[in-house]
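The values are calculated or read from the model by the stated rules, or taken from the named source; none is laboratory data. Just so it is clear, the model here is predicted, and its values are computed rather than measured. Cβ placement follows ideal geometry from the backbone for every residue including glycine, while neighbour counts extend to all protein chains displayed. Surface accessibility is based on the protein's heavy atoms, side chains included, excluding ligands, DNA and RNA. Shrake-Rupley method; radii C 1.70, N 1.55, O 1.52, S 1.80 Å.
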Amino acid sequence: MRIGIVGGSGRMGQMLIREVLGNKAATLSGATERPGSAAIGRDLGTLIGADPVGVVITDDPAALFANSDAVIDFTAPAATVAHAALAVQHGTALIVGTTGLSPDDHAKLAEAGTKAPLVVAANFSLGVTLLAGLVRKVAATLGDDWDIEIVEMHHRHKVDAPSGTALALGQAAASGRGVALADVKDAVRDGHTGARTVGDIGFATLRGGDVVGDHTVIFATEAERLELSHKAGSRAIFARGAVRAALWAAGKAPGVYSMDDVLGL
Ligand code: NAD
């Protein structure tokens with residue numbers, strides 16, 4: 001199974017190169033970076049502090065898609081949309097970890113999913129995939145006299161907020177309640193906000209240091225509070241999940257799949 005990595009010198013890109021090189025079921029077909037990146041021309045092995053592997057980073061994604069059964073993409077929204085078109089053109093499976101995608105970006109991925117297999121997840125960890133299922137179940141069980149608040153913390157370099165995972169957990173809670181997240185989302189509170197609106201799902205964003213990703217979903221009512229938490233200790237958990245998704249998706253029928261599908265949940 002030939003797996004390619006786009007955005008190979010990013011924080012996740014390097015983790016993904018390490019994970020593919022260490023997986024006996026996979027061959028690393030190559031990696032790309034954005035044009036002008038200082039990483040272009042560097043050996044993928046030395047880039048991650050290992051022995052050279054004789055394959056260098058390029059800025060030619062079309063060649064990478066042509067030579068891969070699956071490509072893993074943890075880059076940026078505009079790049080991911082362009083990569084989805086290449087996945088369609090070459091019949092390559094695409095694993096999308098990029099967050100901060102707009103509704104328009106998601107529509108473009110859905111369109112690509114009619115012609116190629118895509119796995120899209122805001123969080124590729126097993127723990128968060130299970131957490132989303134628990135949140136959906138708890139939200140379906142409790143009435144809207146239980147307020148739902150989602151708190152997340154990430155490292156200081158993260159550029160989108162709330163995190164894709166926090167939004168996915170909000171989606172899970174909203175679907176448990178049978179409402180659309182867009183109708184109940186309350187992501188910004190500042191100044192004289194007035195009292196909390198019944199049924200809203202609130203988000204709080206913390207940024208600092210090197211935190212890989214902490215998420216807590218709080219269900220709060222009079223005199224009782226239930227908190228469901230996940231803490232990521234290493235980016236390796238996302239890379240491991242994404243490689244598992246790539247091995248699963250290559251050769252599948254077109255569609256936009258989730259980690260629930262990959263894990264058979
Ligand atoms: P990063 O900035 O360290 O890495 C992104 C890399 O993509 C950079 O090296 C950048 O140069 C490269 N890139 C940008 N445009 C490109 C293009 N057109 N072609 C090739 N490469 C390109 O960021 P990161 O921390 O690795 O995170 C990347 C994305 O993954 C973010 O959206 C983040 O939120 C998301 N993420 C998702 C999960 C998950 O489980 N789904 C986990 C961690 C991070």
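Of all residues in the stretch 206-234, those that are open to solvent by less than 40 Å² (accessible area, probe 1.4 Å), touching a helix residue (DSSP H, G or I) at 6+ places or on another chain (Cβ under 9 Å) and more than 18 Å from Asp147 (Cβ to Cβ) total 4.
Checked against the criteria, Arg34 does not count as over 24 Å from the mean Cα position of the chain (by Cα) and more than 26 Å from Trp248 (Cβ to Cβ). Of all residues in the stretch 178-205 being in a strand (DSSP E or B) and open to solvent by less than 80 Å² (accessible area, probe 1.4 Å), which is nearest to His155 (Cα to Cα)? Taking the candidates together, the pick is Thr205. Among the residues making up the stretch 153-177, those that are more than 8 Å from the ligand (Cβ to nearest atom) and assigned to a helix (DSSP H, G or I) are Ala166, Leu167, Ala168, Leu169, Gly170, Gln171, Ala172, Ala173, Ala174, Ser175, Gly176, Arg177.
Being within 24 Å of Ala87 (Cβ to Cβ), touching a residue at least 60 places away in the same chain (Cβ under 8 Å) and part of a strand (DSSP E or B), is that true of even one residue in the stretch 233-256? Yes, the stretch 233-256 contains a residue that is within 24 Å of Ala87 (Cβ to Cβ), touching a residue at least 60 places away in the same chain (Cβ under 8 Å) and part of a strand (DSSP E or B). Filtering Val262, Val256, Val243 for residues that are in contact with an Asp or Glu (Cβ under 9 Å, 6 or more places away or on another chain) and either more than 16 Å from the ligand (Cβ to nearest atom) or hydrophobic (A, V, I, L, M, F, W, C) (or both) leaves a single hit, Val243. In the stretch 134-159, what count of residues is obtained for those that are surrounded by 13 or more Cβ atoms within 10 Å (Cβ to Cβ) and either among the basic types (Lys, Arg) or modelled with pLDDT under 95 (or both)? Here the count works out to 3.
So, Val128, is that one open to solvent by less than 30 Å² (accessible area, probe 1.4 Å), at pLDDT 95 or above, not in a helix (DSSP H, G or I) and not polar (S, T, N, Q) or not? Reasoning before the result, please.
Details: open to solvent by less than 30 Å² (accessible area, probe 1.4 Å): yes; at pLDDT 95 or above: yes; not in a helix (DSSP H, G or I): no; not polar (S, T, N, Q): yes.
No, not satisfied.
At least 1 residues being closer than 15 Å to Val243 by Cβ, without any contact (Cβ under 8 Å) to a residue 40 or more places away in the chain and open to solvent by 10 Å² or more (accessible area, probe 1.4 Å) is the threshold, and among the strands (runs of 3 or more DSSP E) wholly inside the stretch 1-103 those reaching it are 27-32.
Conditions tested, residue by residue: (1) farther than 21 Å from Ala236 by Cα; (2) modelled with pLDDT of 95 or more; (3) within 11 Å of the ligand (Cβ to nearest atom).
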| position | (1), (2), (3) |
| --- | --- |
| Gln14 | no, yes, yes |
| Ala26 | no, yes, no |
| Pro35 | yes, yes, yes |
| Ala38 | yes, yes, yes |
| Val56 | yes, yes, no |
| Asp73 | no, yes, yes |
| Ile95 | no, yes, yes |
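Name the residue that is nearest to Leu16 (Cα to Cα), counting only residues in the stretch 113-124 that are at pLDDT 95 or above, crowded, with 20+ Cβ neighbours inside 10 Å and out of contact with any strand residue (DSSP E or B) (no Cβ under 6 Å at 6 or more places or on another chain). Even if it seems obvious, please write down each step before you answer.
Keep residues of the stretch 113-124 that are at pLDDT 95 or above, which gives 113-121, 124.
With the extra rule that they be crowded, with 20+ Cβ neighbours inside 10 Å, the set shrinks to 113, 116-121, 124.
Of the ones still in play, those that are also out of contact with any strand residue (DSSP E or B) (no Cβ under 6 Å at 6 or more places or on another chain) are 116, 121, 124.
Values: Ala116: 22, Ala121: 15, Phe124: 12 Å.
Here the residue is Phe124.
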